Structure formats: C-alpha cells, structure tokens
Amino acid sequence: MGQSEHLSKKYDQDLETLRSGVLQMGGLVEAQIRSAIDAFANGSQDLIDQVIASEGRVNECEVNIDNDCSHIIVKRQPAANDLRMIMAISKAVTDLERIGDEAEKIARMSKQIHERGRMQPQRFPNAPTCVWPLEELGLVELMQGEHSITRELTAVPTPGHTPGHVSILITSGGERALVLGDAAHSPVQIHEPDWVSRADMDPELTRQTRRALLDRLEREEIIVAAGHFQAPGFGRIVRLQGRRYWQGL
C-alpha cells in the first residue's frame, strides 16, 4: 500500500507526525548552526546562550523521535517503503543530534574567546593587509594534523597559544629536532606544564598540547630548539627523580 492507502488513519497520522518531527528538528539544528557561527563572529552573548539552550531541545527531539520510531515498528510492523523511511529518520536524527553538539561546542568556545577579549583586531593588526590577501590569491594551503612540508620538515600541530599554532620537526642526519615556537615560553614549564602565559589564547588547550608534546619529546628523545629559552636555546627533556627538566646543550 502507498502512504495514502493505509487502512488505519492513526497509522497515517503517526507517520506524518514522524516526518514533521524530523523536519522540525532539522530546522532547529540549522538555526543552531547559524547562530553559533554568528556568535563566533560577533561575540553576541545572547546568541551564545541561545545556542547552548537549544541543545536541550535538540536532545529532546531526538529522544521523542526515536521513541516514535520504536513505537511504530513494534505496533504497526511496517514493511517496504514505510520501514525504510522510519530507519532513515532514525539515522538522520542521530546525525542531527551530533551536529547540534558541535554547534554547542562552537558557542562555548566563542564564549571563552570573547570573554578574554581574544578577538580584538589589534591582536593581529597586520593580518588584513599581509595574510588575508594571500588566501584571496589562492596561495594559502590549510593543513590538518601533522603535515610533511619536505622530506626534512614536518609541521606538528601545537594549538593553544594561537588556534593554528604549529611547531616544526626537522629530520636530518639520523637525528630529529623540534622548533618549539610558542608551545612553551620558559624552562620552568617543562616541569610545570600547566603554567600558562597570559598571551596564550586558550589556556586549557595550551596545557593539553604541552603535556602531550613533552611526553613525545621525552619518549622519542627529540632535541628541542626553544626560541624563548635562554640562549642558545637548544636542549633535551630529561627526567630526574620522577620530574622532567630542561637540559641545555
């Protein structure tokens, strides 16, 4: 039977309720994404609060639609087109809920960034004239994860100080060295990795990045080139009595 030929009018109503529910949830998630992007761009606290509050409604929609799907399957035992539609809706609401989660994360991140005043243009005054034009000319290549630049040079993501901060791993002559950049600003941060600089845009991400990076540098015995440490700034991460220390070369 087609969707308009069911003997039970209640069955038709149940299916229409299901279709309407997933459309409503999709509209809610779409609005959540738009608001999250706008909140990130302009720091509107009202939009941030709206996105975070919407997450509860999105979760409620997912639970209700899942329950409706289960109810119809058990009670009506749908077949063919109806069953395929119900299974597709069940999968769609799961995906929509995950998208809503990501929108909420963007909103919370926006709140942290704007509360610290990190989006002020004066932080990067030369970007509009020196960086953005490169993207417009197609000269910017975005990287995801570790990225091999040449056989000797690898970009290693170390975000926290700035969102896209990277350190450079150099491989040559059977040895490896990491140009640390702004992943650490003082030797004391080797044994106190949770100490952050007020210049670090995302303190918590800085801590997470630094802990993971120090683990790797110690484990793989990689030489470190630390531009912010006392000259000449070359050294290794060593362990003494259970604590890490900076050992200059």
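The values are calculated or read from the model by the stated rules, or taken from the named source; none is laboratory data. Quick caveat, the model's predicted, so the values are computed rather than measured. As a convention, Cβ positions derive from the backbone with ideal geometry for all residues, glycine included, and neighbour counts pool all protein chains shown.
Is it the case that Q50 is among the polar types (S, T, N, Q), closer than 30 Å to D200 by Cβ and outside the structural domain of A199 (by TED's automatic domain parsing)? So Q50 passes the test. Residues that are farther than 20 Å from I168 by Cα and not aliphatic (A, V, I, L, M) within the range 223-240 comprise just one, R239. Of note, A127 satisfies the criterion of being in contact with a helix residue (DSSP H, G or I) (Cβ under 9 Å, 6 or more places away or on another chain), without any contact (Cβ under 8 Å) to a residue 40 or more places away in the chain and within 27 Å of S110 (Cβ to Cβ). Checking each residue of the range 59-82 against the condition of being surrounded by 13 or more Cβ atoms within 10 Å (Cβ to Cβ), within 28 Å of P163 (Cβ to Cβ) and either among the hydrophobic types (A, V, I, L, M, F, W, C) or free of Cβ contacts under 8 Å to residues at least 40 places away in the same chain (or both) gives no match. No other residue among V179, V238, V188 is touching a Phe, Trp or Tyr at 6+ places or on another chain (Cβ under 7 Å), within 30 Å of Q112 (Cα to Cα), in the same structural domain as S148 (by TED's automatic domain parsing) and not basic (K, R) apart from V188. Quick check, is V156 modelled with pLDDT of 85 or more and either among the β-branched types (V, I, T) or assigned by TED's automatic domain parsing to the domain that holds S35 (or both)? For V156, the condition - modelled with pLDDT of 85 or more and either among the β-branched types (V, I, T) or assigned by TED's automatic domain parsing to the domain that holds S35 (or both) - is met.
Checking G26, G56 one by one, the residue that is part of a helix (DSSP H, G or I), modelled with pLDDT of 90 or more and within 23 Å of the chain's Cα centre (by Cα) is G26 and no other. Based on this model, can you work out whether H165 counts as surrounded by 15 or more Cβ atoms within 10 Å (Cβ to Cβ) and modelled with pLDDT under 80? It is false that H165 is surrounded by 15 or more Cβ atoms within 10 Å (Cβ to Cβ) and modelled with pLDDT under 80. Each residue in the range 145-185 was checked for being among the aliphatic types (A, V, I, L, M) and assigned to a loop (DSSP other than H, G, I, E, B), and 4 pass. The single residue among R207, R243 that is loosely packed, with under 15 Cβ neighbours inside 10 Å and farther than 22 Å from I170 by Cα turns out to be R243.
Between L142, L217, L169, L249, the distinction of being more than 30 Å from K111 (Cα to Cα) and either without any contact (Cβ under 8 Å) to a residue 24 or more places away in the chain or touching a Leu at 6+ places or on another chain (Cβ under 6 Å) (or both) belongs to L169 only. The numbered conditions (1) surrounded by 14 or more Cβ atoms within 10 Å (Cβ to Cβ); (2) closer than 30 Å to K111 by Cβ; (3) touching a residue at least 24 places away in the same chain (Cβ under 8 Å) are all true for A199 except (1).
For the range 186-234, a tally of residues being outside any helix (DSSP H, G or I), among the charged types (D, E, K, R) and under 15 Å from H165 (Cβ atoms) returns 2. Within the range 29-48, the residues that satisfy the criterion of being in contact (Cβ under 8 Å) with a residue 12 or more places away in the chain and assigned to a helix (DSSP H, G or I) are V29, A31, Q32, I33, S35, A36, I37, A39, F40, Q45, L47, I48. Residues of the range 127-141 include at least one that is modelled with pLDDT under 90 and closer than 30 Å to G174 by Cβ.
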